[in-house]
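Only one structure is covered here, and it is reproduced in the block below.
Computed from the coordinates by the stated procedures, all read-outs in this text should not be read as laboratory data. This one's a predicted model, so the numbers in the text were calculated from it and none came from an experiment. Here the Cβ positions follow ideal geometry from the backbone for every residue, glycine too, while neighbour counts run over all protein chains shown.
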Amino acid sequence: MAEMVINMGPQHPMGHGLWNLKVRVDGETIVWAEAELGYLHRGYEKIMENKQYVMNIPLADRLCYAAAMSWSHVYCLACEHLFGIAVPPRAQYIRVIALEIQRIASHLMWLGAYGPDLGALTGFLYAMRERELFLDLLESLTGSRLTYTYTRIGGLANDLPPDFEREALKAVAYFEKKLNDYERFFDGSKIFRMRTEGVGILRKEEAIAAGITGPNLRGSGANLDIRKDLPYEAYEELDFEPAVETAGDCYARYRVRIKEMRESCRLIRDAFKKIPAGDYRVRSPRRAPKRDAYGRVEDPRGEAMIYVVGDGSDQPYRVKIRSPMFITMSNCGMLLKGYKVADVPAIMGSIDVCMGEADK
Amino acid sequence: MALFGIDTGWSSLYDFSEGVAKWIIGILSWIVGGLGDNLPWVFGDFLHWSDGIIRSDLHLALVAITVESVVLLLIATANLLTFIWIERKLLARMMDRRGPMYVGALGYLQQIADGLKLFLKEYIVPEKADRLGFDAAPVVLSAAAFFIIGVVPIAPGLGLTYQGSYASATVLLAFAAFAVPPFAVLIAGWSANNKYTLIGGMRAAALMMSYEIPMLLAVASVVVLAGGFDFVTIVEAQQASIWFAAPLFIGFVVFLICIVAELERIPFDLPEAEAELVEGWTTEYSGMRFGMIMAIDYLRGYIGCLLATLLFLGGWDGPAILPDWGWTLLKAYFLWVVFVWMRASLPRVRTDQILHIGWKRLLPLAMLNLLVAVVLVSLGWV
């Protein structure tokens, strides 16, 4: 059979979102692949220039449907650096708790999507069931389930609700038990190991050269976690280990995310132990000084960065969003080359695609 | 033949069908013959001549076999609906959801509702599709499945027979027809003029190549042990000794795995792998053609379970607390539950891995199993 080009997308069950994967196949083997991005481009950076600083928080939320908390947080962090505000310690701890809950919810969303990618719909339903716990927690904390608009420049919208600590610790304890079930379901399955081990290998040097970050990079053996290397909020005072695997294949990326969920549970517990009393918010000025600043955090998908330039007015002069998924997705040709068509969902699923943030 | 413990007085399905056929022919003959008596010369003669044909033995046999086929099709359809319902309900419970709930008791009639919905949908043919192949594939697929229903007996006498006797070599006929659908899949995949369907069709062909042989070797071991090529002989041989799943355990496992692959179910549902190939070779089908393909998938599931039951689990062999057809169906349903369980707990295998399993694992195991059967027979065990 001659080589043929398949357009997997923009509407395709393999892509979790709108994007087109062009694959040239020789029989079932992929000889060349390229991602075509931009179907979801909404002009975020330009829109943000035309809004006041506070108005951009809900907008930043909508960058990624799976990790909204993380994006509004990184925007607020950048603005705080721009305004030169110090966030009160209690707010920092609450932010860590919310972010880690969000990280678990996001990884569960990924795990859920990875099941049907490999043909195991049961994994999807199980992961979504447990994600509900964390969405409920976030709902009681922020009032909404998907886009929270919880962080503010200088703190948070509200303090922890009463009983939140008890509920959160209960959910975490229950979830840690359920994580063992996932491991039994996925790791215990010979077919899952066959589909993921040795597939989509990303070498450490390649990953670093390409700028891939987050769990995808840590799956390749690079111990790089911004929470540890450039601590923000209260991460410095908290006790956790970045999850690292050395194999660089889909299975390693899966293991990294499972480990990260455990570490997140540990972080939530630790944060509740060390959380101080005090204010949860300080007032922020309306107009920014004439300078630039950035916020840099460890998103569930990698290194998220927002760069803000102030010009003395109440609107940013320029906003630049560094989305981890855009960079990872741009390298999918490197990841897919030489594997089979059947490996496409296994590999692209394992990098945790979120098109909202990739296309901005 | 006893139905629900009541002796019906029929010795086989054919007896019943012959009775119905005689009744139908009686009515026809009354109309045609009566008309012939009352109509003038040429017309009267022609109708009397027709009446003679209607009353002939050949016509009686044809009508009886047609009636028999309709009855078997109704039985198969009832089981098919139950199979779909079991899959949906059980799979849902294993996934921690509820499955169909509202249409009929426990959602049993949901399949019919879905079928009606599909029936009302437009049938779209891609512009550049090969119309003949595209239209023919679902027909070939269903015809092959319906053919097997005729040759697989649920109980002695409860199959397509002529005067109570089966066609010879029903096992061969059944497996020959069982191997036809992959060709239909290949044709469908090619004719739809879509890259996904093409890859899906090619995968179906590869799957068939690697799983047909171990499956037939497993069947061959049963035939060697039973010493006959039809289902009744095989079941009777098992009634006389023990179920063949015990001495031919390897063969039983190989057969089950191959049946799952032949049925294109998870973990071997590569031809319709929805993650990468959208819906595989069925991508372009819509409306009732799609519904038919889905229904035939489950009908093949029913047939596959029946085949495994008859060949390895003793067919209708069992204590008399259930009627003989009840035992066959009970075992078939049990196997189906196992298949559903597999679907709920396993991801999908990759193309090269499936060939690897087929050629490097199942084929040697099937050979070993055949050796076991030959040794058992030469030692005079059966």
Checklist entry - For the residues B:Trp41, A:Trp32, B:Trp190, what sequence is obtained by ranking on other C-beta atoms within 10 Å, fewest first? => result B:Trp41, A:Trp32, B:Trp190
Item to check | Point-to-point label distance, A:Phe164-B:Ile24, nm (Cα→Cβ direction, 7 Å offset) | outcome: 7.5 nm
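One quarter of the convex hull surface, Cα atoms only: what value does that give for chain A in nm²?
Dividing the Cα hull surface by four gives the mean projection, 16.8 nm².
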Checklist entry - Just going by the charge dipole of the protein assembly as shown, with Lys and Arg at +1 and Asp and Glu at -1 on Cβ, which of A:Gly302, A:Trp19, A:Met4 is farthest out on the positive end? => result A:Gly302
Checklist entry - On alpha-carbon atoms, Rg over Rh for the range B:242-382 using Kirkwood Rh? => result 1.04
Item to check | Largest-first ellipsoid semi-axes for the protein assembly as shown, taking √(5λ) over the Cα gyration tensor eigenvalues, angstrom | outcome: 63, 28, 25
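Mind sorting B:Arg265, A:Arg291, A:Arg103 by how few other Cβ atoms lie within 10 Å of their own Cβ, fewest first?
Numbers: B:Arg265 22, A:Arg291 14, A:Arg103 26.
Fewest-to-most ranking of B:Arg265, A:Arg291, A:Arg103: A:Arg291, B:Arg265, A:Arg103.
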Next on the checklist: Order these by the 10 Å Cβ neighbour count, fewest first: B:His59, A:His81.
Outcome noted: B:His59, A:His81
Checklist entry - Quick one: Karplus J couplings for the range A:149-159, per residue in order, coefficients 6.51, -1.76, 1.60, θ = phi - 60°, nearest Hz, x for Gly and Pro? => result 6, 9, 6, 10, 5, x, x, 9, 6, 8, 7
Checklist outcome for this item: Placing one equal point scatterer on each C-alpha of the range B:310-382 and summing with Debye, one gets log10 I(q)/I(0) at q = 0.13, 0.14, 0.24 Å⁻¹ equal to -0.70, -0.78, -1.01
Item to check | Rh (Kirkwood; distinct C-alpha pairs) - the range A:207-360, Å | outcome: 17.6 Å
Item to check | Neighbourhood charge, 10 Å Cβ-Cβ cut-off, centred on A:Gly27 and excluding it, Lys, Arg +1 and Asp, Glu -1 | outcome: -2
Next on the checklist: Please give me, ordered by residue number, the chymotrypsin sites (Phe, Trp or Tyr not before Pro) of the range B:47-134 that lie in loop per DSSP and have at most 14 other Cβ atoms within 10 Å.
Outcome noted: B:Tyr102, B:Tyr123
Item to check | Cα-based reach from A:Lys170 at 25 Å (exclusive), listing lysines while leaving out same-chain residues under 8 positions away | outcome: A:Lys178, A:Lys259, A:Lys273, A:Lys274
Item to check | Debye-sum result for the range A:98-226 in log10 I(q)/I(0), which assumes one identical scatterer on each alpha carbon, at q = 0.12, 0.17 Å⁻¹ | outcome: -0.61, -1.05
Next on the checklist: Going by average Cβ density within 10 Å per residue, which order do the peptides B:175-184, B:61-70, A:210-219, B:216-225 take, highest to lowest?
Outcome noted: A:210-219, B:216-225, B:175-184, B:61-70
Checklist entry - Along the three principal axes, how long is the range B:41-185 when you take its alpha carbons, biggest first, rounded to the nearest angstrom? => result 71, 46, 34
Item to check | Candidate aspartates and glutamates - alpha carbon under 19 Å from A:Lys177, same-chain residues fewer than 8 apart omitted | outcome: A:Glu100, A:Glu130, A:Glu132, A:Asp136, A:Glu165, A:Glu167, A:Asp187, A:Glu260, A:Glu263, A:Asp270, B:Asp96
Next on the checklist: Could you tell me which residue out of B:Phe146, A:Met334, B:Pro126 lies farthest along the dipole of the protein assembly as shown toward its positive end? Charges go on the beta carbon: Lys and Arg +1, Asp and Glu -1, centred on the Cα centre.
Outcome noted: A:Met334
Next on the checklist: Show me, bin by bin at 20 Å from 0, the whole-percent P(r) of chain B based on Cα pairs.
Outcome noted: 25, 53, 20, 2
Checklist outcome for this item: Cross-link reach from A:Lys290 to lysines, straight Cα distance under 28 Å and at least 8 residues apart if same chain, gives A:Lys46, A:Lys51, A:Lys320, A:Lys360
Checklist entry - Once Lys and Arg get +1 and Asp and Glu get -1 on their Cβ, which of A:Leu59, A:Phe186, B:Ala21 lies farthest toward the positive end of the dipole of the protein assembly as shown? => result A:Leu59
Checklist outcome for this item: Once phi for every residue in the range B:225-236 is put through the Karplus expression 6.51 cos²θ - 1.76 cosθ + 1.60 (θ = phi - 60°), the whole-Hz ³J(HN,Hα) values, with Gly and Pro written as x, are 5, 7, x, x, 9, 10, 4, 5, 4, 5, 5, 5
